[in-house]
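The next block holds one structure in the form of structure tokens; read it before the comments.
The values are calculated or read from the model by the stated rules, or taken from the named source; none is laboratory data. Computed from a predicted model, the values in this text were never measured in an experiment. Cβ placement follows ideal geometry from the backbone for every residue including glycine, while neighbour counts extend to all protein chains displayed.
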């Protein structure tokens, strides 16, 4: 089946079985390695992407369900030369140790800030509740999202 969608603002056509996980399409067909495999059960948030601006798990999501939609991965946030304010804030707060979970967390934080440019701490915690960080840097992650909000990281 031909899957036609937009990934990080660019039109994409991929020939895959419609039941192929979106994560596989992103990593193995499009070469976007920032989205990672964690549990495969929609439990950890490592594979989180934005579909039409909403956080969605990519590990169990069938590629056929995203035809005609817009997908944003962490590669779509910023560049090394011009990082997104969230990326800058995470670096400034040293919010990651190993960084394995951060691509999903960054995208959920972006979705939050796009709909609520000045979230409370409780709203940040709720928005990131679907994410597991084995390094335990949650306090710094929350501080980074608060910093990004002050930097005007929304849409």
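For the stretch 143-154, give me the residue count where each residue is part of a helix (DSSP H, G or I) and within 13 Å of residue 113 (Cβ to Cβ). Write out each step before concluding.
Going residue by residue through the stretch 143-154, those that are part of a helix (DSSP H, G or I) are 143-150.
Now drop any that are not within 13 Å of residue 113 (Cβ to Cβ), which leaves 144-150.
Counting residues in the stretch 143-154 that are part of a helix (DSSP H, G or I) and within 13 Å of residue 113 (Cβ to Cβ) gives 7.
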Note on the stretch 133-142: residues under 15 Å from the mean Cα position of the chain (by Cα) and either assigned to a helix (DSSP H, G or I) or surrounded by fewer than 17 Cβ atoms within 10 Å (Cβ to Cβ) (or both) are 141
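From the list 122, 148, which one is at pLDDT 95 or above and buried (at least 17 other Cβ atoms within 10 Å of the Cβ)?
On the way: 122 fails: buried (at least 17 other Cβ atoms within 10 Å of the Cβ).
Unique residue meeting the criteria: 148.
How many residues does the stretch 87-103 hold that are closer than 20 Å to residue 33 by Cβ, in contact with a helix residue (DSSP H, G or I) (Cβ under 8 Å, 6 or more places away or on another chain) and assigned to a helix (DSSP H, G or I)? Step through it out loud before you land on a result.
So in the stretch 87-103, the residues closer than 20 Å to residue 33 by Cβ come out as 87, 90-91, 96-103.
This time we only want the ones that are in contact with a helix residue (DSSP H, G or I) (Cβ under 8 Å, 6 or more places away or on another chain), so: 87, 90, 96, 102-103.
Okay, now just the ones that are also assigned to a helix (DSSP H, G or I), so 87, 90, 102-103.
Result for the stretch 87-103: 4.
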Can you tell me which condition residue 125 does not meet? The list is (1) in a helix (DSSP H, G or I); (2) under 22 Å from residue 42 (Cβ atoms); (3) touching a helix residue (DSSP H, G or I) at 6+ places or on another chain (Cβ under 6 Å), and all the others hold. (3)
